[in-house]
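**Student:** Can you keep this structure in mind? I'll have questions shortly.
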Amino acid sequence: MAGVLGGLAALEVSEWKAKRKVKGMFWITFIAIFGSALTVGLIGAAFAMNFRPLLAASKFIPIIGMLYGNTMVGVALGIDTVLSTADLRRDTVETMMCFGASRWEAVLPIAVDAARTAMLPTITSVSITGLIAIPGMMSGQILGGADVLDAARYQQVVMFMIAACVALGVIAIGI
């Protein structure tokens, strides 16, 4: 089920949201979104949230859905920034490569700028959680009768999982 959702997320980012396209873009976005969400989701479910059984659908599917949704935003912003900035700075990149720079050295400033742009919504969201905005998971647990501190802890774990997932996805598209 997680693979199907990851495929749909990659399809939306690579085919419907992207202004520019490159060959193999679906597979790049699929590996970035699915790989980062599954990795962070499994590690978070096993160690931070102590899910037993690990892949309990009632717990794991909502978490992986939140990870997919946020990673899609970061990956879409990252891809769009990389492709548009590379197009604008094409002369600079070609000049650097003519003077002996490797491909990675030539596009490193573009990749850093794209990572910064892609992570901005997630960093902003993490910084205001609990102070300005009370996310749905936390408020749902509180309204459901859970302890406020437990709800806040779960929300912190989920927000850190989202930040890690977006960072991993953005790194994956940059490589």
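**Student:** Only Lys, Arg, Asp and Glu count, each charged at its Cβ (+1, +1, -1, -1), so figure out the dipole size of the chain about its Cα centre, rounded to 20 debye.
**Tutor:** The calculation lands at about 180 debye.
**Student:** Let me ask something else about it. How much area per residue is accessible in the chain when the probe is 1.4 Å and only protein heavy atoms are counted (Å²)?
**Tutor:** That works out to 58 Å² for each residue.
**Student:** Now a separate question. What trypsin sites (Lys or Arg not before Pro) in segment 17-119 are in a loop by DSSP, with at most 10 other Cβ atoms within 10 Å of the Cβ?
**Tutor:** Those satisfying the criteria are LYS19, LYS23.
**Student:** Over all directions, the average projected area of the alpha-carbon convex hull for segment 1-136 comes to how many nm²?
**Tutor:** 10.1
**Student:** If you add up the charges near THR81, with Lys and Arg at +1 and Asp and Glu at -1, over every other residue whose beta carbon is less than 9 angstrom from its beta carbon, what do you get?
**Tutor:** Taking every Cβ under 9 Å from that of THR81, the sum is -1.
**Student:** Still on this structure, please answer the following. If I fit a long axis through the Cα atoms of helix 2-11 and take the longest principal axis of the Cα atoms of the chain, what angle between them do I get, 0 to 90°, rounded to 10?
**Tutor:** Tilt of helix 2-11: around 40 degrees.
**Student:** So, one more: Helix 103-128 against the longest principal axis of the chain: what's the angle in degrees, Cα atoms only, rounded to the nearest 10?
**Tutor:** 30
**Student:** So what's the back-of-envelope 222 nm ellipticity for the chain, counting only DSSP H runs of four-plus at -39500 (n - 2.57) apiece and dividing by all residues, rounded to 500?
**Tutor:** Value at 222 nm, helices only, nearest 500: -25500 deg cm²/dmol.
**Student:** Further, regarding this structure: Between the helical axis of 148-174 and the dominant principal axis of the chain, each derived from Cα atoms, what acute angle in degrees is found, rounded to the nearest 10?
**Tutor:** 20
**Student:** How high is the relative contact order of the chain? Use alpha-carbon pairs under 8 Å, at least six apart in sequence, and give a whole percent.
**Tutor:** 30
The values are calculated or read from the model by the stated rules, or taken from the named source; none is laboratory data. Small disclaimer: the values here were computed from a predicted structure and weren't measured. Because the Cβ atoms are built from the backbone with ideal geometry, glycine has one as well, and the counts that use them run over all protein chains shown. Remember, those area values only see protein heavy atoms, side chains included, never the ligands or the DNA or RNA. Shrake-Rupley method; radii C 1.70, N 1.55, O 1.52, S 1.80 Å.
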